[in-house]
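First the structure, in the form of structure tokens, and then the observations on it.
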Amino acid sequence: MVRIMPVDRLSDDEIREILTKYRKIALVGASPKPERDANDVMRYLLEHGYEVYPVNPRYDEVLGRKCYPSVLDIPDEVEIVDLFVRPEFTMDYVEQAVKKGAKVVWFQFNTYSREAFKKAKEAGLTAVAHRCIKQEHARLIG
């Protein structure tokens, strides 16, 4: 049986390791609208040297990057799947992350689903929830 640890138990060192070790991020729920958090976070990650693949079936391009309809459509390796979708949609993307061979699923604020989080952990992925990847990077790495 897999023990599901609360995400708040991840130490700063563990979060720092995720953010330094993994550089290829599928940003699910990407938006070309500058007022959206997903746009701000994607811009920040790109500015800090991450390879970011926007995922949103509604758009062809976000911030000058080809936008993919799903994580599975990304032609390259994906290490982190960063979720900016409502909780009821996260399970589909966790399943895609597992199939794609991602290492981490990051549930941004207001995206957490207990079932999807549990599925990610049971599949051997690191799951982070109730934290913003941009805020954690700024706080721990700068």
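The values are calculated or read from the model by the stated rules, or taken from the named source; none is laboratory data. In this text, all values refer to a predicted model and were calculated from it rather than measured experimentally. Don't worry about glycine lacking a Cβ; one is built from the backbone with ideal geometry, like all the others, and counts go over all protein chains shown. For the accessible areas, the whole protein counts, side chains as well, though only heavy atoms, and no ligand, DNA or RNA atoms are used. Shrake-Rupley method; radii C 1.70, N 1.55, O 1.52, S 1.80 Å.
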Those residues of segment 19-37 which are open to solvent by 10 Å² or more (accessible area, probe 1.4 Å) and either outside any loop (DSSP other than H, G, I, E, B) or within 19 Å of F109 (Cα to Cα) (or both), in sequence order: T20, K21, K24, G29, K33, P34, E35, R36, D37
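Consider segment 47-67. How many of its residues are over 14 Å from the mean Cα position of the chain (by Cα) and either at positive phi or surrounded by fewer than 21 Cβ atoms within 10 Å (Cβ to Cβ) (or both)?
In the first step, residues of segment 47-67 are kept if they are over 14 Å from the mean Cα position of the chain (by Cα); the result is 47-49, 57-67.
Retained after the next criterion (residues that are either at positive phi or surrounded by fewer than 21 Cβ atoms within 10 Å (Cβ to Cβ) (or both)): 47-49, 57-61, 63-67.
So the count comes out to 13.
For (1) in contact with a Lys or Arg (Cβ under 8 Å, 6 or more places away or on another chain); (2) of a type outside the set (D, E, K, R); (3) under 21 Å from A116 (Cα atoms), each residue gets a yes or a no:
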| site | (1), (2), (3) |
| --- | --- |
| E51 | yes, no, no |
| P57 | no, yes, yes |
| D60 | yes, no, no |
| V71 | yes, yes, yes |
| E77 | yes, no, no |
| D82 | no, no, yes |
When residues of segment 68-108 are limited to those that are open to solvent by 20 Å² or more (accessible area, probe 1.4 Å) and under 11 Å from the mean Cα position of the chain (by Cα), the one nearest to L10 (Cα to Cα): K103
